[in-house]
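Asker: Let me give you the structure first, and then I'll get to my questions.
The values are calculated or read from the model by the stated rules, or taken from the named source; none is laboratory data. Keep in mind that what you see is a predicted model, and the values were worked out from it rather than measured. Glycine also receives a Cβ, built like all others from the backbone with ideal geometry; neighbour counts cover every protein chain displayed. Ligands, DNA and RNA are stripped out before the accessible areas are found, and what is left, the full protein with its side chains, is counted by its heavy atoms. Shrake-Rupley method; radii C 1.70, N 1.55, O 1.52, S 1.80 Å.
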Amino acid sequence: MALSISRRVVRSFGSLSALGFREYPTVAGRSFQASDLSGRIAGDNLLHADCFSLSKGGPSFLGFRRFSTTILTPDSNGGAFPSDLLSSKTVLTPERTIGLYEDLVVPVTNFHNEDHGLMVLAGDVFDVPIRKDIIHRVVRWQLAKRQQGTHSTKTISEVSGTGRKPWQQKGLGRARHGSLRGPQFRGGATMHGPKPRSHAFKLNKKVRRLGLKIALSACAAEGKLLVFEDLEVPTHKTKNIVNYVNQMENTKKLLLVDGGPINEKLKLATQNLHYVNVLPSIGLNVYSILQHDTLVMSRDAVNRIVERMHTPISR
């Protein structure tokens, strides 16, 4: 049903001249329909609505503005909008949807920021849906498993002291006691205290593997995953690693992951830096990834991690 604005609508609000507004003759005998609007807005065409204009002792106000589908840029020469008022910043493209299991293409570089081509990251490892509950379970499992559990207290049979009855059972008006090593005495035993034990609990291998995939996917989604051709350094000097880290943007804590055994020069260069840690690919875990804001993996480490994630779980 077409929408119509005619003179009867204006009459229902009374005379415009009585309200102090000036009525233009363009209103008389004209109607504005939505069907006309939909037909006239197409491509880069402009629609000028001159249905009516109201003024009250000043500049006129258009009842309808001009509609346009033209994209305004600083290089626009149509004069529709001042170019100096437009932002000159680069328009950001919409971010990709995370968790679609799509393969990712990332550039490969090294400590000297040299170009070494591209690498495809498997989508089922580096682009899985983010689940905080899985990360929480895996981190709790790691912390519980590494807890030492050497706490110990002494029971009444382990406390040093005599086993003699302190005083007779009756006749003194005192409470009955059979030993001074009981928990109610100073220096006595501890009842139901901790004993050395393991705090580890079982967590399914599927969940542990999924937690590592989610951590890697989160790093890739945030742009905090860098792939290097290798982790070779020219010397064992610590200042080289410091310079490399300073060149990285928004990097406060760095985790380096290599495929095989850690290079001796890299180990010596990073051992005095508390914000740079090195791990082999076999030791990569969720908790270590979460403790660092930037993850650097060699090409060999990526291949080994993907191979490990694709290996069937032994039952």
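Asker: For segment 94-130, name all the residues that are open to solvent by less than 20 Å² (accessible area, probe 1.4 Å) and among the acidic types (Asp, Glu).
Answerer: ASP127
Asker: Search segment 224-243 for residues that are of a type in the set (Phe, Trp, Tyr) and pair each with any residue that is in a loop (DSSP other than H, G, I, E, B) when their beta-carbon atoms are under 9 Å apart and the residues are at least 6 apart or on different chains.
Answerer: Going by the 9 Å Cβ cut-off, the qualifying pairs are PHE228/ASN110; PHE228/PHE111; PHE228/HIS116.
Asker: Let me ask something additional. Quick one: which of PRO280, PRO312 is more than 23 Å from the chain's Cα centre (by Cα) and either of a type in the set (Asp, Glu) or more than 23 Å from LYS237 (Cβ to Cβ) (or both)? Show your work before the answer.
Answerer: On the way: PRO280 fails: either of a type in the set (Asp, Glu) or more than 23 Å from LYS237 (Cβ to Cβ) (or both).
Only one candidate passes the filter, namely PRO312.
Asker: Another question, if that's okay. Scan the strands (runs of 3 or more DSSP E) fully inside segment 211-299 and keep the ones with 1 or more residues being touching a Ser or Thr at 6+ places or on another chain (Cβ under 8 Å) and surrounded by fewer than 17 Cβ atoms within 10 Å (Cβ to Cβ). Explain how you work it out, then say what you get.
Answerer: Working: elements: 225-228, 254-258, 276-280, 294-298.
Counting at least 1 such residues, we get 276-280.
Asker: Next up: If THR190 satisfies all but one of (1) in contact with a Pro (Cβ under 7 Å, 6 or more places away or on another chain); (2) within 30 Å of THR97 (Cα to Cα), what's the number of the condition it fails?
Answerer: If we test THR190 against (1) in contact with a Pro (Cβ under 7 Å, 6 or more places away or on another chain); (2) within 30 Å of THR97 (Cα to Cα), just (2) comes out false.
Asker: So GLY149 clears everything in (1) in contact with a Pro (Cβ under 8 Å, 6 or more places away or on another chain); (2) at negative phi; (3) surrounded by 13 or more Cβ atoms within 10 Å (Cβ to Cβ) except one condition, right? Which one?
Answerer: (2)
Asker: List every residue pair whose Cβ atoms sit under 8 Å apart, with the two residues 6 or more apart in sequence or on different chains, where the first one lies in segment 253-269 and is closer than 21 Å to CYS219 by Cβ and the second, anywhere, is of a type in the set (Asp, Glu) and in a helix (DSSP H, G or I).
Answerer: Taking only residues 6 or more apart or on different chains, the pairs are ASP258/ASP300; GLY259/ASP300.
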